[in-house]
1. Pairs of alpha-carbon atoms within less than 8 angstrom and 6+ residues apart define the contacts here; what relative contact order does the stretch 68-204 have, in percent?
2. With charges set only on the Cβ (+1 for Lys and Arg, -1 for Asp and Glu), what does the dipole of the chain come to about its Cα centre, in debye to the nearest 20?
3. By how many nm would the segment from R29 to F45 lengthen if fully extended, with 0.36 nm per residue of separation less the alpha-carbon distance?
4. V480 to M248: FRET efficiency via 1/(1 + (r/R0)^6), r the Cβ-Cβ distance, R0 22 Å, to the nearest 0.05?
5. Just need the relative contact order of the stretch 246-317 here, percent rounded to a whole number, with Cα pairs under 8 Å and 6+ apart.
6. Between A153 and H496, what FRET efficiency comes out of the Förster formula 1/(1 + (r/R0)^6) with R0 = 51 Å and r the beta carbon distance, rounded to 0.05?
7. Given the convex hull of the Cα atoms of the stretch 275-430, what is a quarter of its surface area in nm²?
8. Compute the convex hull volume of the Cα atoms of the chain, divide it by the residue count, and report the result per residue in Å³ as a whole number.
Amino acid sequence: MSTSEQQPRGEPRGKRGVFRTKSVEQSIRDTEEPEHALKKSLTAFDLTVFGVGVVIGTGIFVLTGKVAKENAGPSVALAFVLAGVVCGLAALCYAEFASTVPVAGSAYTFSYASLGELPAWIIGWDLILELALGCAVVSVGWSGYIRSLMDNAGWHLPTVLEGTHEGRFGFDLLACILVLVLTAILVLGMKLSSRVTAVVVAIKVTVVLIVIFVGAFFITGSNYDPFIPESQGTTAGGDIQAPLIQLMFGFSPSNFGVMGIFSAAAVVFFAFIGFDIVATAAEETRNPQRDVPRGILGSLAICTLLYVAVSVVVTGMQKYTELSTDAPLADAFKATGHPFWAGLISFGAAVGLTTVCMILLLGQSRVFFAMSRDGLLPRIFSRVHPHYGTPYRSTILLGVVVAVLAGFTSIDVLAELVNIGTLFAFVVVALGVVILRRTRPDLPRAFRTPLVPVVPVLSVLASLWLMLNLTAETWLRFAVWMAVGVVVYFVYGRQHSRVP
């Protein structure tokens, strides 16, 4: 294909070199190639279900009590509101991009249209790591819940098939099987995936609503006193385990008090990760200009409301100083003499993790597919199945890799990389909105981020603040992965790029 064919007359021409951009028009034309065109079958409801399905996971069942006990007390509800606001600012930026560039790849595709090829590659490389680790971590957590339920029923797996724990090497058979089964479902089509997700999400949300409405009857008003406990300084550390902001500025973080709410927000942010994956399904949506913004903003609003309600209930049921850090919701019901509800919550947590894994796999395969279609990764992985209309090659490849990762590797220490990868994507998307407004004011935008550039700037600042609250060790690991990505780009991606 010649340059003139790829860049029709009258269409804005991108920059040359590593910062060459791929026009929105070209991105949309690529989705019409028969061999690389995804099947459009999703609605706003499907996207909202995907968003709720990936966000509502272990966060709501674990972090609510852990953060209340260690960081914020009953004011953990305010921490969820703050984290929701940070995600909301990013969601407004994602909504504009997804309605303007309804193409698979999410932040990768958005960056290619606004910042250029190298930044797009970096964000794509970042998302692949983030979603792979996220899925592997969640599948291992799911395996733990299922083994617990099996043990209660008198069924026991051989120790060697329970995974790598506390220095003991093993293979996590259940986590591996889960990932492979979900991979097969994703290959068989997005509509099937959305139906499976809808059923599981319905079960999960029902359990969460039961927690809220049943738990409300066991609230004791005195447990909210004080709502914002007195501030307690934490020991300042000087090694790489300390937050980066502490090492840079000598800032000593505190728990409880007003600053404790901000510290808690940096922790509970993990509970919101995933709403942005809705944007990766834009190309498979029937009316993306209308439905993708609804899916992104709707799922985030629902999840924030549920998180705040659950945190209010659990800190009212049991004094924050007495909450469990492993299974706070279930243990709070046990403490009030209601073991049946505690068992139901554990079941809901196990079921809920299934959709989290599926949608993380979905997001990862779509980013990989988009990068492959652009030539930055081997084009063989951008072929779609002739019958199911899914990127089956990239889905199978990544599913097998994640299954092996979940089965053989103890990756708890890498979980924070999911946080920093997501926040980095938020920063890039917010900057991209401002840049594309200036470089392509003519583009039709079905959804427009309000108060540009104020909202994108606030999104960048809020995301950077949360990133600075992550440990220096996390930043080092992230830098190493990014450096490897840059090498891969210059060795392969730059030479094979289809953008002139």
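1. This gives 10 percent for the stretch 68-204.
2. About 1500 debye.
3. Gain on extension, R29 to F45, equals 3.1 nm.
4. 0.70
5. Computed over the stretch 246-317, the figure is 19 percent.
6. Numbers: r = 52 Å, r/R0 = 1.02.
According to the calculation, E is roughly 0.45.
7. Working: hull surface 50.9 nm².
Mean projected area of the Cα convex hull: 12.7 nm².
8. Details: hull volume 71.6 nm³, N = 500.
Convex hull volume per residue, Cα atoms: 143 Å³.
The values are calculated or read from the model by the stated rules, or taken from the named source; none is laboratory data. This structure is a prediction, so every number in the text was calculated from the model and none was measured. As a convention, Cβ positions derive from the backbone with ideal geometry for all residues, glycine included, and neighbour counts pool all protein chains shown. Quick note on the areas: whole protein, heavy atoms, side chains included, nothing else; ligands and nucleic acids left out. Shrake-Rupley method; radii C 1.70, N 1.55, O 1.52, S 1.80 Å.
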